[in-house]
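Structure first, then comments.
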Amino acid sequence: MDYFNYRGSDLYAEDVAVSEIAKAMGTPCYVYSKATLLRHFHAYADALTDIPHLVCFGMKANSNLAILEVLAEAGAGFDIVSVGELERVLAAGGDPAKVVFSGVGKQRHEMQRALEVGIHCFNVESLAELDQLNAVALDLGTVAPVSLRINPDVDPKTHPYISTGLNGSKFGIAHKDTLMAYRHAASLPGLNPIGIDCHIGSQLTDIAPLLEALDKLMELVASLKADGIALHHIDLGGGLGVPYQEETPPHPSEYMAAVKAKIADTGLTLVLEPGRSIAANAGIFVTEAILTKTNQDHHFVVVDGAMNDLIRPSLYGAWQNIIPVSTAPHDGQVEASFDVVGPVCESGDFLGKARTLRVGAGDLLAVRSAGAYGFVMASNYNTRPRAPEILVDGDQMHVIRERETLESLWALEHRVNR
């Protein structure tokens, strides 16, 4: 459920007409619903009130300060993959003690900063990283809490680009090397192994692979305990899918019930890193039709949004629903099966293909499920300013990121002959 709904012929974000947002802010723009964001976070948190847990928002999905602030105030922790994301958490008022630091390429200065502010845990992904983190911790005279990311070699049956838990992945440590890696971590004076984690992929619509991965981790927890290494938490990462089209992913409460049945008696704290399933359907991308055109029998609606604003369709072949902001008909509209394309000079510049729409120049369209991997993956390709972000809270709208100006795009550049 989300809070983007029609009232009569007009699409609303909570209690604000999307057309009024576009009129005030121009297009293209990203529009988020605070109520939807919180509803999706609490779908996890409320299902876990009876066990120790930490729900860390995977902020690579959406890192706007206002979004982070809303979630921090609701009790969320954060899953980060860079020192930049850590500084965003701090700037938004997030608690560093609720931060887990993932990623295969953490640099020494990033490790140092994370130790200085006291994060909850490093999700370590290689033996080399263990050694490097140990050296940084000893230099600071402290001990780094670590969890090893294990590849359980479970096929998540998702897009190859977002499948991360197989043996061929760049992420994590091979399942067969688990005991050796933990023994090595336990031998290093600057490290304290406190957890075990995995993340097998994104946009999963079946919990079976997630539970299979959990079973493998639970077996490893028991083996490690027998070896004298007692862990405090188990981190299942993120990955639960969202309905972009006709997918029917399980509700987070269903997933959590199945997980709790397996770990409730272990005393382990459950750590989760959901991103997409919290943010995706909490946002839309609003764009205006510039014109329609037909090449032979192929129909196009050219809009002012483009692949630089929303790259998932071009990058992954991702499908996101595209709906009219107003369903009221008017002269000048054409009803057809359209490819919705942007002005960027690439044949791959499309937001959707073969979409049945009644549309004309000046009409507004909304691309659904744009709250995750929308703005965060945007670029300035073709020297296009990135679009503003707006957060709706009831009948109020807040500009949480201004539209970039053209001048800002070259503000850090320097000419050499002047």
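Values in this text are rule-based calculations from the coordinates and carry no lab data. For clarity, every value in this text was computed on a predicted model and none was experimentally measured. Here Cβ is always computed from backbone atoms with ideal geometry, including for glycine, and neighbour counts include all displayed protein chains.
Results, tabulated for the structure shown:
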{"item": "Rounded to whole Hz, the Karplus (6.51, -1.76, 1.60) HN-Hα couplings of region 186-197, x for glycine and proline", "result": "5, 7, 8, x, x, 10, 10, x, 10, x, 9, 8"}
{"item": "Shape call, the chain: gyration tensor on alpha carbons, a/c limit 1.5", "result": "prolate"}
{"item": "Shape category assigned to region 56-139 from the gyration tensor of Cα positions, a/c cut at 1.5", "result": "prolate"}
{"item": "Of 11, 364, 224, the one that fluctuates the most in a GNM where the chain has Cα springs shorter than 10 Å", "result": "224"}
{"item": "3J(HN,Hα) from dihedral phi, region 18-32, Karplus parametrisation 6.51/-1.76/1.60, rounded to Hz, x for glycine, proline", "result": "4, 4, 6, 5, 5, 5, 6, 10, x, 10, x, 7, 9, 10, 10"}
{"item": "Most mobile listed residue (351, 315, 65) in the chain, GNM with C-alpha springs under 10 Å", "result": "315"}
{"item": "Lysine pair number, Cα distance threshold 23 Å (strictly under), region 6-118, separation 8 or more or different chains", "result": "6"}
{"item": "Selection of GluC sites (Glu not before Pro), region 332-418, meeting DSSP coil and at most 13 other Cβ within 10 Å", "result": "402, 413"}
{"item": "Gaussian network model of the chain, springs between alpha carbon atoms under 10 Å - residue of 78, 285, 338 with greatest fluctuation", "result": "338"}
{"item": "Cross-link partners of residue 262 among lysines (Cα-Cα below 22 Å; sequence separation of 8 or more within a chain)", "result": "216, 225"}
{"item": "Percent of beta bridges antiparallel (DSSP, region 103-272, rounded to nearest 5)", "result": "5"}
{"item": "Sites matching chymotrypsin sites (Phe, Trp or Tyr not before Pro) across region 368-418 that sit in DSSP coil, with at most 15 neighbouring C-beta atoms within 10 Å", "result": "381, 410"}
{"item": "Beta bridge orientation in the chain: antiparallel %, DSSP, nearest 5", "result": "50"}
{"item": "Hits among aspartates and glutamates - C-alpha to C-alpha of residue 170 under 17 Å, sequence gap 8 or more where chains match", "result": "125, 129, 153, 155, 197"}
{"item": "Where GluC sites (Glu not before Pro) fall in DSSP loop in region 175-259, at most 13 other Cβ within 10 Å", "result": "246, 247"}
{"item": "Relative contact order %, the chain, counting alpha carbon pairs below 8 Å whose residues are six or more apart", "result": "19"}
{"item": "Distance histogram for region 103-272 (every C-alpha pair counted, 5 angstrom bins, percent rounded to whole numbers)", "result": "1, 9, 18, 20, 19, 15, 10, 5, 2, 1, 0"}
